[in-house]
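Enquirer: One structure, as structure tokens, below. Some questions next.
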Amino acid sequence: MSDVMEPFLYKLGVEVPHDVIFVVVHYSVKILPDNVFHGRRQMKEIQLPEGLEEIGKNAFDKCGSLEQINYPSTLIKIGRYAFVRCRSLKDVDLPEGLKEIGAGAFTGCASLKHIDYPSTIIKIHDYAFSDCYSLKDVDLPEGLEEMGVKGFLSCISLEHINCPSTLNSIGKYTFSGCRSLAKVTLAGGVVTIRANAFYNCHSLEAVTIQSKAFVIEVEVDSDGDSDDVYDNDSEDDGHVFVCQLVLIENGTIPLTDAEQMIISPEHLNYISSPDLLELENAINIIMNDQGRTRKENIEQVLALIKSRALFEVSTILELALWKINMNKIDDSTSGTRAECRVTCGSDDIIPGVMSYL
């Protein structure tokens with residue numbers, strides 16, 4: 001393409017023709033401005049120079065013919081909605097050194113089939129790869145810590161997602177509507193999976209995690225899923241959650257369309273007796289008689305769990321679950337603590353913690 005076509009040389013301040021097809025960005029450009037190539041629907045190829053550090057917001061918005069783009073090794077940041085609706089873009093090979101993929105950066109890239117992520121990425125922001133209808137497989141790098149809201153929303157061809165051990169948070173609705181998603185592998189570092197992360201994933205029967213995990217199923221107001229994919233997600237501190245604690249066995253998390261939050265006490269440190277009491281009190285707040293608590297109580301428990309030890313946290317959560325189950329057991333059948341523990345799938349109790357019951 002580039003050897004038979006005369007390129008347009010872009011420098012800062014130069015007006016870009018609307019019928020441009022092939023662009024070379026001058027080496028003096030360090031930051032590609034916001035909206036610089038917005039709506040250049042005929043542009044098929046662009047060459048970015050070494051030295052470029054940032055691609056601005058909506059820089060390639062609606063460049064529907066863009067098929068080929070290089071990412072220089074100096075690139076650090078891709079701005080919000082930088083490549084939104086670039087419907088012909090098929091491959092994204094992101095360079096080592098890139099730290100940030102902005103919200104909605106590749107939203108609506110309907111032909112995108114492959115993404116090569118660098119190990120330097122820490123967070124994938126909200127909507128970053130939503131509506132990428134051709135994306136089939138995602139292998140996230142070690143070092144990634146967080147995936148934002150609706151990060152892979154409605155990627156209808158996505159079949160497999162592999163999450164690294166460094167991941168500690170998956171945002172709300174991250175994989176919602178990924179109706180072909182059949183396999184999710186969590187390497188063991190996930191602490192929380194937010195509400196409806198796998199909503200409407202009809203092909204997904206279970207999520208595999210390498211360590212013991214727990215699910216808090218929550219129910220929020222019906223308007224919680226009404227956000228437009230191109231708008232910022234907003235938090236409603238007034239939401240009331242209905243909570244149920246579920247023990248996960250054999251590393252498999254059964255899934256339904258219910259909203260879910262997963263807590264995995266992996267990679268946690270030693271816990272002292274006063275801290276254990278603090279966590280027990282927090283669990284008591286969440287698991288009250290009415291089964292209802294406000295969002296800030298849930299956030300408090302999650303924050304505590306992230307900084308506590310594996311076995312002590314597991315025991316407190318298990319005991320909370322057993323307590324609920326014992327309250328439901330009919331006296332005419334079985335109601336002993338031992339039978340309840342077996343029913344809930346565990347027989348490992350830390351001495352001294354049974355006083356919780």
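The values are calculated or read from the model by the stated rules, or taken from the named source; none is laboratory data. All values reported here derive from a predicted model rather than from experimental measurement. Using ideal geometry, Cβ is built from the backbone for each residue, glycine included, and neighbour counts are taken over all protein chains shown.
Enquirer: Across segment 21-61, what is the total count of residues that are surrounded by fewer than 22 Cβ atoms within 10 Å (Cβ to Cβ) and more than 15 Å from G79 (Cβ to Cβ)?
Expert: Qualifying residue count, segment 21-61: 15.
Enquirer: Checking L9 against (1) in a loop (DSSP other than H, G, I, E, B); (2) loosely packed, with under 15 Cβ neighbours inside 10 Å; (3) aliphatic (A, V, I, L, M), only one condition comes out false. Which one?
Expert: (1)
Enquirer: Search segment 89-119 for residues being polar (S, T, N, Q) and at pLDDT 95 or above, and hand back the single one that is farthest from the chain's Cα centre (by Cα). Lay out the reasoning, then the answer.
Expert: Here is the first cut: in segment 89-119, the ones polar (S, T, N, Q) are 107, 111, 119.
Subset that is at pLDDT 95 or above: 107, 111.
Working: T107: 15, S111: 22 Å.
So the residue we want is S111.
Enquirer: Kindly indicate whether any position in segment 210-222 is modelled with pLDDT of 85 or more and over 20 Å from E100 (Cβ atoms). First the steps, then the outcome.
Expert: Going through segment 210-222, the residues modelled with pLDDT of 85 or more turn out to be none.
The answer is no; no qualifying residue exists.
Enquirer: Moving to a separate point now. Evaluate the following for V23: is it in the same structural domain as N58 (by TED's automatic domain parsing) and in a strand (DSSP E or B)? Can you show your working first?
Expert: On the way: in the same structural domain as N58 (by TED's automatic domain parsing): yes; in a strand (DSSP E or B): yes.
When the stated conditions are applied, V23 passes them.
Enquirer: Given the criteria assigned to a loop (DSSP other than H, G, I, E, B), surrounded by 12 or more Cβ atoms within 10 Å (Cβ to Cβ) and at pLDDT 95 or above, does P17 qualify? Walk me through it before giving the result.
Expert: Working: assigned to a loop (DSSP other than H, G, I, E, B): yes; surrounded by 12 or more Cβ atoms within 10 Å (Cβ to Cβ): yes; at pLDDT 95 or above: no.
The answer is no for P17.
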